[in-house]
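*Asks:* I have a structure here, written as structure tokens, and I will follow up with some questions on it.
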Amino acid sequence: MIETDILIIGAGPCGLFTVFEAGLLKLRCHLIDSLPEPGGQCAEIYPKKPIFDIPAFPEILAGELVENLMRQIEPFKPGFTLGESAVTIEKDQENKFVITTNKGTKHRAPIVAIAGGLGVFSPRKPPIQELSRFEDKGVEYIIKDPEMYRGRDVVISGGGDSALDWAIFLSEGVANTVTLVHRRKGFKGHPDSAQKVLDLAEKGKIRFVADAEVIGVNGSEFLESLTVKHKEDGLMEIATDHWVPLFGLTPKLGPIADWGLEIEKNAIKVNTLDYSTNISGIYAIGDVNTYPGKLKLILCGFHEGTLMVQSAFKRLYPDKNLVLKYTTVNGITGFDE
Amino acid sequence: MSMIQIIIVDREGLEHKLDAPTDMDMNVMEVCKASKLPVEGTCGGMAMCASCHCYVESDHALPEMSEDEESMLDEAFFVEENSRLSCQLYLKPELRGLRVRLAPESA
């Protein structure tokens, strides 16, 4: 069991900065994030994009912003549970929250701050009728265990790095046949990988169907074939055991939506006094919350996290008086371990 | 403020005539969101997600597609010859009467 004072769900910029503000009040934090690295959207969607509205930074790359935040919070020794998403929440006898991830990791804290942004990044699913019927019966959105494809016929869709890398890997003595169906001849993925796929296609190790798109899935209990629409040749059917559509990740609010929080249009309603939710002890900050006048800006998330930890402190220590201390006076005192 | 009218066809086939300013650096995705049409625009308009995929049905001369936009359409579904990311279509007087159909939503 991981124990902390404030359990922050979401390690994006807002969640990260909250560790700093909590640290100033001697509160410890632990962060949970479904992505394998901290940084949220900044790291996952646009690390190389410049941001121009962070105060005192005329221009900063999103990736650099995350690096700086990690440096800024380092003295406060936050814990991280990365690559796991928070799934269930319960209250124990001591009135503390216990949050369990999809991998079963348990966390316990008196305060929960949801800084989940737009939600958990999940594979983007093609809007094809009957697709859900074949999930885990031939259709997989992520490759967990490549051994599953040994000796099988596999179709991969997509033009990004994961599509290219898996097509290459599975074609090298793992799958029986590998077919790559892609909407154009060019690829988004790394040029070296793209060249390798084209070379393997030349050698007949990968069947590359360009200018085409899977539009239908067929089979009785298990997937048996795909209906593919080619730009010029029209419809064709490809017999296969597996289809792995790799179309990137898209954020979804996910299990948090079922925690009994007041939700409005995929966002959690909060009181702007302290960004508390309808559940006592749970706060929501950053892009995940909503209130009259809400702006989804990193800048505003920082402000929300700052006010939120003040409220959390008063909740934890109702008898202590809190005095605002400027960091310019005494600097900061981190935690030893 | 100079305004143009553009037509958005939603996923139910309903036409929406929207008045939009050409001097506010606005793109079609933003105009749709401002009018509460169901366009996600998850990345905020950087051509970094594909949630504002649309089909341009009128024959207006459009800006060339950037490599970012072209690559991002790889992650969209039901991509056609006239597919674009609506966040990359900035409103200009030349786009008066632009007709755009929203692409199916992905799950």
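None of the figures in this text is laboratory data; all of them are computed from the coordinates on show. All values derive from a computational prediction rather than experimental measurement. Here the Cβ is made from the backbone with ideal geometry for all residues, glycine too, and neighbour counts use every protein chain on show.
*Asks:* With just the Cα atoms defining each centre, how far is region A:210-273 from region A:115-193? Give it in Å.
*Replies:* Between the Cα centre of region A:210-273 and that of region A:115-193, the gap is 12 Å.
*Asks:* Beyond a 21 Å Cα-Cα separation, which of these cross-linked pairs lie in this structure: A:K137/A:K265; B:K33/B:K92; A:K294/B:K36?
*Replies:* On the way: A:K137/A:K265 33 Å; B:K33/B:K92 18 Å; A:K294/B:K36 16 Å.
Exceeds cut-off: A:K137/A:K265.
*Asks:* So, counting K/R as plus one and D/E as minus one, what does the shell of residues with Cβ under 11 Å around A:V66 add up to? Before the final figure, lay out each step's value.
*Replies:* Details: positive: A:R71; negative: A:E37, A:E44, A:E64, A:E67.
Local charge sum for A:V66: -3.
*Asks:* Once a ≥ b ≥ c are taken as the square roots of the eigenvalues of the Cα gyration tensor of region A:125-247, is the result rounded (a/c under 1.5), prolate (a/b larger than b/c) or oblate (a/b not larger than b/c)?
*Replies:* Working: a/c = 1.61, a/b = 1.22, b/c = 1.31.
Oblate.
*Asks:* Among A:D287, A:D319, rank each residue by its count of other Cβ atoms within 10 Å, from fewest to most, as a rough exposure measure.
*Replies:* Values: A:D287 26, A:D319 5.
Listed from fewest to most nearby Cβ atoms, that is A:D319, A:D287.
*Asks:* I'd like the distance separating the alpha-carbon centroids of region A:1-55 and region B:48-76, in whole Å.
*Replies:* Taking the Cα centre of each part, region A:1-55 and region B:48-76 sit 32 Å apart.
*Asks:* Related question: Per residue of region A:179-184, in order, report the coupling 6.51 cos²θ - 1.76 cosθ + 1.60 (Karplus, θ = phi - 60°) as ³J(HN,Hα) in whole Hz, putting x for Gly and Pro.
*Replies:* Working through the residues one at a time gives 10, 10, 9, 9, 6, 8 Hz.
*Asks:* Okay, moving on. Would you work out the relative contact order for region A:232-337, in percent, from Cα pairs under 8 angstrom that are 6 or more residues apart? Write out the running numbers ahead of the final one.
*Replies:* On the way: 78 pairs, mean separation 16.7, N = 106.
Dividing the mean separation by the residue count of region A:232-337 yields 16 percent.
*Asks:* Once the other residues with Cβ under 12 Å from the Cβ of A:T272 are scored (Lys, Arg +1; Asp, Glu -1), what is the net sum? Write out the running numbers ahead of the final one.
*Replies:* Numbers: positive: A:K269, A:K294; negative: A:D274, A:E304.
After counting each charged neighbour, the total is 0.
*Asks:* Related question: Restricting to Cα pairs below 8 Å that are 6+ residues apart, what does the relative contact order work out to for chain A? Please round to a whole percent. Walk me through the numbers on the way to the answer.
*Replies:* Values: 687 pairs, mean separation 64.6, N = 337.
Relative contact order here is 19 percent.
*Asks:* Modelled label-to-label distance, B:E70 and A:F169, 7 Å Cα→beta-carbon offset: nm?
*Replies:* 2.8 nm
*Asks:* Oh, and also: How many Cβ atoms of partner chains, on average, are near each residue of A:121-129 if near means within 10 Å of its Cβ?
*Replies:* Values: counts 0, 1, 0, 8, 3, 6, 7, 3, 0.
The shielding value for this peptide is 3.
*Asks:* Under a 5 Å amide H to amide H cut-off, with H placed in plane at 1.01 Å, what residues pair with A:R184 once short-range neighbours are removed?
*Replies:* A:D211, A:A212
*Asks:* While we're looking at this one, here's another question. Note down the relative contact order for region A:125-247 as a percent, whole number, built from C-alpha pairs under 8 angstrom at least six residues apart.
*Replies:* Values: 251 pairs, mean separation 40.5, N = 123.
Over region A:125-247, the number comes to 33 percent.
*Asks:* Add -39500 (n - 2.57) for each DSSP H run of 4 or more in the protein assembly as shown, then divide by its residues: what number comes out at 222 nm, to the nearest 500 deg cm²/dmol? Write down the numbers at each step before the final one.
*Replies:* Numbers: 9 runs with 88 residues, N = 444.
Here the helix-only value at 222 nm equals -6000 deg cm²/dmol.
*Asks:* For the protein assembly as shown, how big is the tail of P(r) above 34 Å, as a whole percent of Cα pairs? Please list the in-between numbers first.
*Replies:* Working: 41063 of 98346 pairs.
So the pairs more than 34 Å apart make up 42 percent of the total in the protein assembly as shown.
*Asks:* Let me ask something else about it. Under a Cβ-Cβ cut-off of 9 Å, what is the net charge of the residues other than A:A239 that fall near it, where Lys and Arg count +1 and Asp and Glu count -1?
*Replies:* Details: positive: none; negative: A:D153, A:E224, A:E237, A:D241.
Neighbour charge sum, excluding A:A239 itself: -4.
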